[in-house]
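Chemist: Here it is, the structure, as structure tokens.
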Amino acid sequence: MKIVFSILFLFLGIGTKMQAQNHLFGPSFSYQYQNRSMLKTGIYYATELNLNHIVKVDATANFTWMKNNFVVIPEVAATYYSEMYYIGLFGRTELTPYTLTPKVGLSFATFIELDLGYGFPLANKGELGSIRGFTTSLRLSIPINTKL
């Protein structure tokens, strides 16, 4: 958990000299399928690296139903948008206590994202088993400040 907060504060510190229009933050909502359906909600912070490249960090909670049990799985993620105009490609890595999931996808202005990836198991979720395999998700990020 200390590592997660250290990375988050590092990214937040990158934007300290920037003005409000150079970063975005707000809630995010998504649907993911990876061996099972998951609804995800959380917060994100995105900042420009230069005129066309953006980095975003997320902290989310994944809600799913596994073997007649409601489960909440915490997650942190980092996303890099390359040559971001209105539509662009991105690379993303998601980390939960149970899975490491690298992804690639297509984004519309960092607000709507569709991605594909593969989850590598790190640990089993108790008697509920592992979360692994191919995954796809659709994400909506809603900025609550000015746009980039």
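Values quoted throughout were computed directly from the atomic coordinates according to the rules given, and no laboratory measurement underlies them. What you see is a predicted model, and the numbers here were worked out from it, not measured in a lab. Cβ: placed from backbone, ideal geometry, glycine included. Neighbour counts: every protein chain shown.
Chemist: Show the residue pairs meeting these rules: Cβ distance below 9 Å; 6+ apart or different chains; first residue within the range 24-36 and in contact (Cβ under 8 Å) with a residue 24 or more places away in the chain; second residue among the small types (Gly, Ala, Ser) and assigned to a loop (DSSP other than H, G, I, E, B).
Modeler: As it stands, the answer is Asn35/Gly129; Asn35/Ser130, since those pairs meet every condition given.
Chemist: While we're looking at this one, here's another question. Residues of the range 107-124 being more than 18 Å from Tyr45 (Cα to Cα), in contact with a strand residue (DSSP E or B) (Cβ under 7 Å, 6 or more places away or on another chain) and assigned to a loop (DSSP other than H, G, I, E, B), which ones?
Modeler: Leu122, the sole residue that qualifies.
Chemist: Could you list, ordered by first residue, the pairs with Cβ atoms under 6 Å in which the first is in the range 105-126 and aliphatic (A, V, I, L, M) and the second is exposed (fewer than 12 other Cβ atoms within 10 Å of the Cβ), at least 6 apart or interchain?
Modeler: Sorted first by the residue in the range 105-126, then by its partner, the pairs are Ala109/Tyr86.
Chemist: Can Thr136 be described as under 14 Å from the mean Cα position of the chain (by Cα) and crowded, with 20+ Cβ neighbours inside 10 Å?
Modeler: Judged against the criteria, Thr136 is not a match.
Chemist: Quick test of your reading of the structure: Ser130 fulfils all but one of (1) in contact (Cβ under 8 Å) with a residue 60 or more places away in the chain; (2) surrounded by 15 or more Cβ atoms within 10 Å (Cβ to Cβ); (3) part of a loop (DSSP other than H, G, I, E, B). Name the failing condition by number.
Modeler: (1)
Chemist: In addition: Considering only the range 50-93, how many residues are farther than 16 Å from Thr110 by Cβ and among the aliphatic types (A, V, I, L, M)?
Modeler: So the count comes out to 7.
Chemist: Suppose we filter the range 49-102 for residues that are hydroxyl-bearing (Ser, Thr, Tyr), surrounded by fewer than 19 Cβ atoms within 10 Å (Cβ to Cβ) and under 19 Å from Ala123 (Cα atoms); how many remain? It would help to see each step written out before you state the result.
Modeler: Step one: filter the range 49-102 for residues hydroxyl-bearing (Ser, Thr, Tyr), giving 60, 64, 79-82, 85-86, 93, 96, 98-99, 101.
Still in the running and surrounded by fewer than 19 Cβ atoms within 10 Å (Cβ to Cβ): 80, 82, 85-86, 93.
From what's left, under 19 Å from Ala123 (Cα atoms): 93.
So the answer is 1.
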